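This report refers to the structure that appears directly beneath it.
The values are calculated or read from the model by the stated rules, or taken from the named source; none is laboratory data. Computed from a prediction, not measured in an experiment: that's the story for all the values here. Because the Cβ atoms are built from the backbone with ideal geometry, glycine has one as well, and the counts that use them run over all protein chains shown.
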Amino acid sequence: MPTFDQITDVLSRQAIELPSWAFGNSGTRFKVFGTPGTPRTVQEKIADAATVHRFTGLAPTVALHIPWDAVDDYAALRRHAEDQGVSLGTINSNTFQDDIYKFGSLTHRDDAVRKQAIDHHLACIDVMDATGSRDLKIWLADGTNYPGQGDLRGRQDRLAESLAVIYDRLGPEQRLVLEYKFFEPAFYHTDVPDWGTSYAQVSALGDRAMVCLDTGHHAPGTNIEFIVMQLLRLGKLGSFDFNSRFYADDDLIVGAADPFQLFRILVEVVRGGGMEPGSPVAFMLDQCHNVEAKIPGQIRSVLNVQEATAKALLVDTAALARAQEDGDVLAANGILMDAFWTDVRADLAAWRETRGLPADPMAAYAASGYQQQIESERVGGQQAGWGA
Ligand code: AOS
Ligand code: ZN
Ligand code: ZN
């Protein structure tokens, strides 16, 4: 097994993007609980994201959601982020909240509705130009609730046409990532339900269109690490939305529900070159903190990803390859499990200190006074976006 010192070079390259909406109040369809200190503006969300980065060194960028985070002056917002020590990252489009999109957006049978949805994405690319963002992330709520409600084939064809218009508008350094989700809000069919559909759609567009894999968007029991392997093998894994789930798209803290699954996913990321310099794979969180504190929730999340990555890097790949070649099932499984069960927390804590970071970012945040400060300064903080 490699020593901890042998994996720190790779670990020091790790960057995990935070979603602006994780800092707003969010909830379920039953209740949105308010949390003291919740940001009132996108500037305050960015300040909170920058705080997570200050305590962990792991989160140098923050993703925005348009129009939830819309402002008049994106160049000024970019400067605000840079002043706080972070950059603006992925721009997320939103065609799921307006009445006009009741029956679809980029797949809609009415050209006028489809044009409005396309125009929204073109406006998102204008935002990217001003913020310096590389990625446009598209997640569509498009789908139907009843068999016969829509023409599945026609909707797929219109999706391809709409995406082609959006892709053509991207700058040479910009990318489009298409996220899939097997159900919700549509319950019979979804237009981008699985990695295969996303892969087929982005492959038709070109090299700068890739798949976004949200770990909460699969049927229970799905072997997600297999999908990770396949997309890396095909050169089309553009980004992750990390979170965890017990039931459906729960958007819980990554690594909370199933740390072993997160480890297995990261083993395939490492195996597929996803941690190499220049890798196209972007790591993001897509979480909502309903009942737990938001900033510590994000700190815990990035630490969970770091811990699972360290364990994945500790796999003795030479011994594993030998055991696989020998057909030694139990030895191969044992080698993987040895890495998973290695407790890396003390090594990570000591290593953080050598980099000028707190050994225990959760404790350091709690002792910092930041939470008390925002709770006294901010009154009437915002909901994450739904209904806002
Ligand atoms: C929705 O289920 C998706 O996970 C998207 O990534 C979505 O854009 C994000 O959750 C913000 O609403
Ligand atoms: Zn997502
Ligand atoms: Zn989701």
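For every residue, the table says whether it meets (1) closer than 24 Å to A312 by Cβ; (2) within 16 Å of ligand 2 (Cβ to nearest atom); (3) within 17 Å of the chain's Cα centre (by Cα); (4) assigned to a loop (DSSP other than H, G, I, E, B).
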{"site": "T8", "(1), (2), (3), (4)": "yes, no, no, no"}
{"site": "R29", "(1), (2), (3), (4)": "no, no, no, yes"}
{"site": "P39", "(1), (2), (3), (4)": "no, no, no, yes"}
{"site": "Q43", "(1), (2), (3), (4)": "no, no, no, no"}
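Got a number for residues in segment 228-250 being of a type outside the set (F, W, Y) and either part of a strand (DSSP E or B) or within 11 Å of ligand 2 (Cβ to nearest atom) (or both)?
7
I'd like the full set of residues that are part of a loop (DSSP other than H, G, I, E, B) and either within 16 Å of ligand 1 (Cβ to nearest atom) or buried (at least 21 other Cβ atoms within 10 Å of the Cβ) (or both), limited to segment 282-313.
D286, Q287, C288, H289, N290
Within segment 129-184, can you find the residues that are within 20 Å of F240 (Cβ to Cβ), among the charged types (D, E, K, R) and either without any contact (Cβ under 8 Å) to a residue 40 or more places away in the chain or surrounded by 15 or more Cβ atoms within 10 Å (Cβ to Cβ) (or both)?
Result: R134, D135, K137, R175, E179, K181.
Considering (1) within 17 Å of W21 (Cα to Cα); (2) away from ligand 1 (no atom under 16 Å from the Cβ); (3) assigned to a loop (DSSP other than H, G, I, E, B); (4) of a type in the set (A, V, I, L, M, F, W, C), say which one F96 fails and leave the rest.
With respect to (1) within 17 Å of W21 (Cα to Cα); (2) away from ligand 1 (no atom under 16 Å from the Cβ); (3) assigned to a loop (DSSP other than H, G, I, E, B); (4) of a type in the set (A, V, I, L, M, F, W, C), F96 is out only on (2).
It is to be established whether one or more residues within segment 207-221 are within 26 Å of Q14 (Cα to Cα) and either among the polar types (S, T, N, Q) or at pLDDT below 95 (or both).
yes
Test V267 against the stated conditions and say whether it is within 16 Å of ligand 1 (Cβ to nearest atom) and surrounded by 23 or more Cβ atoms within 10 Å (Cβ to Cβ).
No: the conditions fail for V267.
Name the residue that is nearest to the chain's Cα centre (by Cα), counting only residues in segment 228-247 that are surrounded by 22 or more Cβ atoms within 10 Å (Cβ to Cβ) and within 16 Å of ligand 1 (Cβ to nearest atom).
Going through the qualifying residues, I end up with D241.
If you check every pair at least six apart or on different chains, which have Cβ atoms under 8 Å apart with a residue in segment 202-221 that is closer than 16 Å to Q287 by Cα and of a type in the set (A, V, I, L, M) first and a residue that is assigned to a strand (DSSP E or B) and modelled with pLDDT of 95 or more second?
Close Cβ pairs (under 8 Å, with a partner that is assigned to a strand (DSSP E or B) and modelled with pLDDT of 95 or more) amount to L213/E179; L213/L237; L213/S239; L213/F240; L213/D241.
Of everything in segment 178-195 that's under 10 Å from W139 (Cα atoms) and in a loop (DSSP other than H, G, I, E, B), which residue is farthest from ligand 3 (Cβ to nearest atom)?
V192
Quick one: would you say E225 is in contact with an Asp or Glu (Cβ under 8 Å, 6 or more places away or on another chain), charged (D, E, K, R) and either buried (at least 20 other Cβ atoms within 10 Å of the Cβ) or not in a loop (DSSP other than H, G, I, E, B) (or both)?
Yes.
Need the failing condition index for V202 against (1) in contact with a Leu (Cβ under 6 Å, 6 or more places away or on another chain); (2) of a type outside the set (D, E, K, R); (3) assigned to a loop (DSSP other than H, G, I, E, B); (4) more than 30 Å from A76 (Cα to Cα), just the number.
Going through (1) in contact with a Leu (Cβ under 6 Å, 6 or more places away or on another chain); (2) of a type outside the set (D, E, K, R); (3) assigned to a loop (DSSP other than H, G, I, E, B); (4) more than 30 Å from A76 (Cα to Cα) one by one, V202 breaks only (3).
Write out, first by first residue and then by second, each pair whose Cβ atoms fall under 6 Å of each other, whose residues are 6+ apart or on separate chains, and whose first residue, in segment 360-388, is at pLDDT 95 or above while the second is among the β-branched types (V, I, T) and more than 16 Å from ligand 2 (Cβ to nearest atom).
P361/T56; P361/I299; M362/I299; Y365/I299; Y370/T51
State whether the residues of segment 6-21 include one that is within 16 Å of ligand 3 (Cβ to nearest atom), surrounded by 14 or more Cβ atoms within 10 Å (Cβ to Cβ), modelled with pLDDT under 95 and at negative phi.
no
Among the residues of segment 50-98, write down those that are without any contact (Cβ under 8 Å) to a residue 24 or more places away in the chain and touching a Phe, Trp or Tyr at 6+ places or on another chain (Cβ under 8 Å).
none
Answer with yes or no whether G206 is farther than 21 Å from F182 by Cβ and touching a helix residue (DSSP H, G or I) at 6+ places or on another chain (Cβ under 8 Å).
yes
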